[in-house]
1. Among the residues of segment 32-59, write down those that are in contact with an Asp or Glu (Cβ under 8 Å, 6 or more places away or on another chain) and open to solvent by 20 Å² or more (accessible area, probe 1.4 Å).
2. Check 19, 29, 102 and return the single one that is open to solvent by 10 Å² or more (accessible area, probe 1.4 Å) and either in contact with a strand residue (DSSP E or B) (Cβ under 9 Å, 6 or more places away or on another chain) or under 24 Å from residue 182 (Cα atoms) (or both).
3. Pick out, from segment 195-261, the helices (runs of 4 or more DSSP H) lying fully within it that include 2 or more residues that are surrounded by 16 or more Cβ atoms within 10 Å (Cβ to Cβ) and in contact (Cβ under 8 Å) with a residue 12 or more places away in the chain.
4. Any idea which of 78, 68 is among the β-branched types (Val, Ile, Thr), touching a Cys at 6+ places or on another chain (Cβ under 8 Å) and surrounded by fewer than 23 Cβ atoms within 10 Å (Cβ to Cβ)?
5. Given the criteria part of a helix (DSSP H, G or I), surrounded by fewer than 16 Cβ atoms within 10 Å (Cβ to Cβ), at pLDDT 95 or above and touching a Gly at 6+ places or on another chain (Cβ under 9 Å), does residue 163 qualify?
6. Would you mention how many residues in segment 110-158 are among the polar types (S, T, N, Q), open to solvent by 60 Å² or more (accessible area, probe 1.4 Å) and touching a residue at least 12 places away in the same chain (Cβ under 8 Å)?
7. One residue is enough: does segment 168-180 have a residue meeting the conditions under 21 Å from residue 241 (Cβ atoms), open to solvent by 10 Å² or more (accessible area, probe 1.4 Å) and hydroxyl-bearing (Ser, Thr, Tyr)?
8. What single numbered condition from (1) within 30 Å of residue 181 (Cα to Cα); (2) in contact with a strand residue (DSSP E or B) (Cβ under 6 Å, 6 or more places away or on another chain) fails to hold for residue 67?
Amino acid sequence: MSQNNDKRGRLQGKVAFVTGGGSGIGAATAERFAQEDATVVICGRRQAPLDEVVGRIRAAGGQAHAMVADVGVEEQLVGALEQAAATHGGLHILVNNAMAYTWGGIEGMSTEDWRANFTTSVDGTFWGTRTAMKLMKDSGGAIVNVSSICGTLGTPQMSGYSAAKAAIINFSRAAAAEGAASGVRVNVVVPAVVETPATAGMLSDESTRRNTEKIIPMGRVGQPEELASAVLFLASDEAAYITGAALPVDGGRSAVLVTAL
């Protein structure tokens, strides 16, 4: 799916698996990978959005496949990864992008709601990383985990989500240290507010959107394609000597102390 048939795609010959690939950052990443000639497998809980993404990729000349799997269920995620590797001749790239979250203050939060933040985001990242490290052990590979600025800065009403996203960052450092000897690189992208279905409700309110943009030095929220480009870099051989890194892709949001709107 290269734009120039004489130019080798950066991911040519690679098999990439993207969780949460039916929308937002996951869908944009899958499409970007396909543009660089990867064979892309996306997973999610619902068939229809996955099929839509696969359809767009194939219509543009790329290779993509959909697998219905709940990342919060160990057997489903591990099975999907193993099946994808067996079907397509290995696994070279994994993007742990799927997440789930709950809102609410700490005093009123139930234990069930607290734990709901971890099953998909943290457990799923662990299950995916563990499986990928086994599949990549002989040939090496790249794992890119998606965290959030909420994992580096405190966010009221989102303590569970913030804790889960912080866990992903430090888990990825440990995984990078363990995977290095086998040529498995593990890195993290750290977005702030990105225009996705998950943020559509918040950003649809003009006042909320303006206030959000005021605290971002670049003056706007991010786009999924911008995150996808960062994921592509970390997944590609251009980042061959980068592992254990957490890359902010946030328009400068994490670089500033906001004292007033």
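The values are calculated or read from the model by the stated rules, or taken from the named source; none is laboratory data. Because the structure is predicted, anything quoted here is derived from the model rather than measured. Every residue, glycine among them, receives a Cβ derived from its backbone with ideal geometry; neighbour counts consider all protein chains shown. Side chains are part of the model used for accessible areas, which takes the heavy atoms of the whole protein and leaves out ligands, DNA and RNA. Shrake-Rupley method; radii C 1.70, N 1.55, O 1.52, S 1.80 Å.
1. Correct list: 32, 45, 56.
2. 102
3. 206-214, 224-235
4. Answer to the check: 68.
5. No, not satisfied.
6. Final tally of qualifying residues: 3.
7. So far as segment 168-180 goes, no, none of its residues is under 21 Å from residue 241 (Cβ atoms), open to solvent by 10 Å² or more (accessible area, probe 1.4 Å) and hydroxyl-bearing (Ser, Thr, Tyr).
8. Exception for residue 67: condition (1).
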